[in-house]
1. What number of residues within region 200-251 are within 30 Å of ARG101 (Cβ to Cβ) and open to solvent by 70 Å² or more (accessible area, probe 1.4 Å)?
2. Here are ALA168, ALA163, ALA174: which of them is over 20 Å from SER249 (Cα atoms) and within 19 Å of the chain's Cα centre (by Cα)?
3. Which count do you get for residues in region 95-115 that are surrounded by fewer than 21 Cβ atoms within 10 Å (Cβ to Cβ), farther than 17 Å from SER79 by Cβ and of a type outside the set (Gly, Ala, Ser)?
4. May I ask you to verify whether GLY210 is without any contact (Cβ under 8 Å) to a residue 24 or more places away in the chain and of a type in the set (Gly, Ala, Ser)?
5. Which fully enclosed helices (runs of 4 or more DSSP H) of region 151-257 have 2 or more residues being over 22 Å from ASP94 (Cα atoms), modelled with pLDDT of 90 or more and not aromatic (Phe, Trp, Tyr)?
Amino acid sequence: MSDHYTTSSFPSTTTGRGQHDPNFVTRWDVVNRAKDGADSKEGLSALEEICRIYRHPIYVALRFKHGYEHHDAEDIAQSFITWLIHGGYLRRADPEKGRFRSFLLSYLDNYVSNHRRKQQAQKRGGRIVHVAAEFPSETNRTAVEPRDENTPDKEFDRAWTVATFREALDRLRAKFTAENRGEEFETLQEFLLRKRGEGESYSTAAAKLGITEVNMRQRVSRFGRKFRQTLEEVIKPMVAEKELDDELSYLWRCFEK
């Protein structure tokens, strides 16, 4: 599929801030119904939740595609997020026009271009605009160094995949914790994302949970299905229905590289 999002010129930057609701489940249908954008509490929560999930891929793109240093990348990522939210631009995203990561990356490219033009204008005597940066990044200078064989775009997709998987796992963790099954979750997730032959054996994990090895294998299998269902919940609102299976396959390929 060829993405419909292009790098046309965007409006100038606006700034602002807000606090997301950690219990809000991102749904594009909610965003689309929130016609008032950032002026609507419901719409603002949805927009900020989307940015919360994908702030790390934005940071990675700024570091390794656009060449910013660690702190500059964090500051620009924060200003980009507030610009998207308070400018109402996320409402322009449409799964039928292209995947959400393509939308986000094309808008980021244009934002960076405008940002650099603005910096050049300031150096020539323009008005300096200070942007308050509160970017709650779990990154540091060395934690996200790119793999030697990866291009910046591949690094962005890998970071996008990790963020999507993390969100799905966080939602599953919350369900298990609510059922007082937190220890079981931590054990099962190790079997989900590890490479074959790595980690503890089924018998060791079964003993830890006080169940049989046969039962352990059954639980791992059910957990895998639950994870896929939760992963679909995360990405389904952001892709066209016909592309859901392709998107899931693409995420797994990115994860396995």
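The values are calculated or read from the model by the stated rules, or taken from the named source; none is laboratory data. Just so it is clear, the structure is predicted and the values come from calculations on it, not from any experiment. Every residue, glycine as well, gets a Cβ built from its backbone with ideal geometry; the counts of neighbours run over all protein chains shown. In case anyone asks, the SASA skips ligands and DNA or RNA and just uses the protein heavy atoms, side chains included. Shrake-Rupley method; radii C 1.70, N 1.55, O 1.52, S 1.80 Å.
1. Summing the residues that are within 30 Å of ARG101 (Cβ to Cβ) and open to solvent by 70 Å² or more (accessible area, probe 1.4 Å) in region 200-251 gives 11.
2. On the way: ALA168 fails: over 20 Å from SER249 (Cα atoms); ALA163 fails: over 20 Å from SER249 (Cα atoms).
When all the criteria are applied, what remains is ALA174.
3. 3
4. Working: without any contact (Cβ under 8 Å) to a residue 24 or more places away in the chain: yes; of a type in the set (Gly, Ala, Ser): yes.
It is true that GLY210 is without any contact (Cβ under 8 Å) to a residue 24 or more places away in the chain and of a type in the set (Gly, Ala, Ser).
5. Working: elements: 152-178, 182-193, 202-209, 213-235, 244-256.
Because the criterion is at least 2 residues that are over 22 Å from ASP94 (Cα atoms), modelled with pLDDT of 90 or more and not aromatic (Phe, Trp, Tyr), the helices (runs of 4 or more DSSP H) in region 151-257 that meet it are 152-178, 182-193, 202-209, 213-235.
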